[in-house]
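Structure record follows, encoded as structure tokens.
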Amino acid sequence: MKEKKLEELKSECQNCMRCELGKTRINVVFSDGNPETSKAILIGEAPGENEDKTGTPFVGRAGKLLNEFLEKAGISRAEDLYIINTVKCRPPQNRVPSDEEKNLCSEYLLKQIDIVNPDVIIFCGSTALKSFYSKKIPISKIRGEILEIEINGKTRKCVPIFHPSYLLRYHSLEEGSPRYLMLKDLEKIKTLISK
Ligand code: SF4
């Protein structure tokens with residue numbers, strides 16, 4: 001049932017030229033994961049080069065690192081998560097999507113959230129966080145917290161985490177390091193979705 005509704009929405013996106021990003025994309029990057037079994041939606045920033053080429057989110061270096069951390073935390077990317085981005089088409093030179101682009105694309109994002117109806121929404125990186133959370137708090141200060149945010153008329157449990165591209169700059173898993181904190185946050189999310 002969810003799959004069918006999402007397929008219809010995906011077809012709509014594939015023809016979408018609402019914003020400038022539609023002109024330069026190779027593929028619309030709609031989602032990854034199983035909407036029927038996933039208890040969490042992970043929202044990243046925007047497709048990059050590899051994602052644009054393949055039509056799948058988080059498949060480049062950052063995506064591979066995300067996979068490693070998910071595995072360490074016991075979260076199945078294929079079964080536990082439904083993965084999307086704030087915009088469905090790649091911004092040129094991987095720039096951050098503009099507010100206008102995010103707003104124009106938000107109808108699809110909100111419909112995906114409504115259809116999948118997850119227990120938890122993960123804001124992966126500050127672009128996703130800022131799209132839903134108006135207080136100007138850096139992600140480093142708020143990551144790992146469980147926020148109650150109203151999205152499309154429903155209060156949802158949301159957890160911000162670092163974006164894996166930020167973690168590519170660090171290698172240590174020492175206590176307090178960004179990679180250590182990422183793992184702790186994902187372990188917390190694992191507990192939330194296992195209830
Ligand atoms: S980014 Fe979103 S709004 Fe813009 S063209 Fe792609 S699907 Fe349409």
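Where a number appears in this text, it was derived from the coordinates with a stated rule and is not lab data. The model shown is predicted, which means the values in this text are computed figures rather than measured ones. Reconstructed Cβ throughout: ideal geometry from the backbone, glycine too, with neighbour counts over all protein chains shown.
Which pairs break 20 Å Cα to Cα here: K10/K135; K39/K190; K102/K130; K64/K130?
Working: K10/K135 31 Å; K39/K190 10 Å; K102/K130 11 Å; K64/K130 24 Å.
Beyond 20 Å: K10/K135; K64/K130.
Give me V29, V120 sorted ascending by neighbouring Cβ count inside 10 Å, so fewest comes first. Working shown, then result.
Working: V29 29, V120 21.
Sorted ascending by nearby Cβ count, the order is V120, V29.
Helix 2-14 against the longest principal axis of the chain: what's the angle in degrees, Cα atoms only, rounded to the nearest 10?
60
Relative to the compact globular guide of 2.2 N^0.38 Å, what is the alpha carbon radius of gyration of the chain, as a ratio?
Numbers: Rg = 15.6 Å, N = 195, 2.2 N^0.38 = 16.3 Å.
In units of the globular-protein estimate, the chain measures up at 0.96.
Rounded to the nearest 500, what is the chain's calculated 222 nm mean residue ellipticity when only DSSP H runs of at least 4 contribute -39500 (n - 2.57) each, over all residues? List each step's numbers first, then the result.
Numbers: 10 runs with 90 residues, N = 195.
Counting only the DSSP helices, I get -13000 deg cm²/dmol.
So how tilted is helix 99-116 from the main axis of the chain? Cα-based, degrees 0 to 90, rounded to 10.
In the chain, helix 99-116 runs at an angle near 80 degrees to the longest axis.
Of the listed peptides 177-184, 18-25, what is their order by residue-averaged count of other C-beta atoms within 10 Å, with the highest listed first? Present the calculation step by step, with values, prior to reporting the outcome.
Working: 177-184: 17.8, 18-25: 16.1.
For the peptides 177-184, 18-25, the packing ranking is 177-184, 18-25.
Among 32-44, 151-163, 92-104, what's the highest-first ranking by average C-beta atoms within 10 angstrom per residue? Intermediate results must be reported in sequence, preceding the final value.
Details: 32-44: 20.9, 151-163: 17.5, 92-104: 14.6.
Going by the mean number of other Cβ atoms within 10 Å, highest first, we get 32-44, 151-163, 92-104.
Identify, among L65, G125, S38, the residue whose Cα sits farthest towards the positive end of the charge dipole of the chain, taking +1 on the Cβ of Lys and Arg and -1 on the Cβ of Asp and Glu, with the dipole about the Cα centre.
G125
If you take every residue apart from N15 with its C-beta less than 15 Å away from the C-beta of N15, what net charge results, scoring Lys and Arg +1 and Asp and Glu -1?
Result for the local shell: +1.
Please report the antiparallel percentage of the DSSP beta bridges confined to the chain, to the nearest 5.
In the chain, approximately 35 percent of DSSP beta bridges are antiparallel ones.
What do you get for the angle between helix 178-194 and the principal long axis of the chain? Use alpha-carbon atoms, 0 to 90 degrees, nearest ten.
Tilt relative to the chain: about 70 degrees.
List the residues whose amide H sits under 5 Å from the amide H of G55, counting only those 5 or more places along or on another chain, with H placed 1.01 Å from N in the peptide plane.
Under 5 Å from the amide H of G55: no residue qualifies.
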